[in-house]
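Undergrad: Let me give you the structure first, and then I'll get to my questions.
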Amino acid sequence: MEHPIPIDEEYKFDEGLILSSTDANGVITYANRKFCEIAGYPKEELIGQNHNMIRHPDMPKAAFKALWDTLHEGKEWSGIVKNLRKDGRYYWVYSHITPIVEDGQLKGYSAARRPAFSTEVETVIPVYQEMLEKEQSKGV
Ligand SMILES: Cc1cc2nc3c(=O)[nH]c(=O)nc-3n(C[C@H](O)[C@H](O)[C@H](O)COP(=O)(O)O)c2cc1C
């Protein structure tokens, strides 16, 4: 699927929980109505896609590596993420992701997100920027 072209405009939302689940490979298997509304996609366009379809290019790769390293250890991960809407605008969330284990078997992952507070966003912007610049200078 084509990624939207990012525009430098924030899409603000101030309430609700964005819920999604994926299989063990990060392919979306469930999206609630709030996810569709905030990401700007109808449900049919989200289900079956890799969760990176809402990845924003301003997010450093190392942030997602940390996320997957944590999940692969069977632990829960939480952090602040900048996401890309279908219309190119961005939105910031505080995200919590949990491995779903049944009978000792990893079934997939489940994520819940709320709007990020502006204080959280202000804290991570310079951190992500520095990580991104390092990655770009190394050609990662
Ligand atoms: C349950 C779950 C939720 C995720 N939510 C997001 C998300 O909101 N935004 C995002 O960019 N990546 C999210 N990811 C991580 C993506 O799977 C992906 O690793 C990331 O977008 C970076 O893309 P890449 O792995 O292709 O480099 C999520 C992963 C899981 C398992």
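Undergrad: Per-residue counts of other Cβ atoms within 10 Å, averaged by peptide: what ranking do you get for 120-129, 5-14, 23-32, 82-91, highest first?
TA: Result, highest mean first: 82-91, 23-32, 120-129, 5-14.
Undergrad: Positive end of the dipole of the chain, charges at C-beta (+1 Lys, Arg; -1 Asp, Glu), about the Cα centre: which of GLY74, TYR11, MET131 has its Cα farthest in that direction?
TA: Of the candidates, GLY74 comes out farthest on the positive side.
Undergrad: Distance check, please: which entries in LYS34/LYS65; LYS75/LYS134; LYS107/LYS138; LYS43/LYS107; LYS43/LYS65 exceed 24 angstrom between their Cα atoms?
TA: Violating the 24 Å Cα-Cα cut-off are LYS34/LYS65; LYS75/LYS134; LYS107/LYS138; LYS43/LYS65.
Undergrad: Send over the semi-axes of the chain's equivalent ellipsoid, whole angstrom and largest first, taken as the square roots of 5 times the C-alpha gyration tensor eigenvalues.
TA: Working through the eigenvalues yields semi-axes of 22, 19, 15 Å.
Undergrad: Check cross-link reach from LYS82 to the aspartates and glutamates: straight Cα distance under 14 Å, and skip same-chain residues fewer than eight apart.
TA: Filter leaves ASP8, GLU9, GLU10, ASP58, GLU120, GLU122.
No value in this document is a laboratory result; all are computed from the given coordinates. Small disclaimer: the values here were computed from a predicted structure and weren't measured. So basically every Cβ, Gly included, is an ideal-geometry build from the backbone, and we count neighbours across all protein chains shown.
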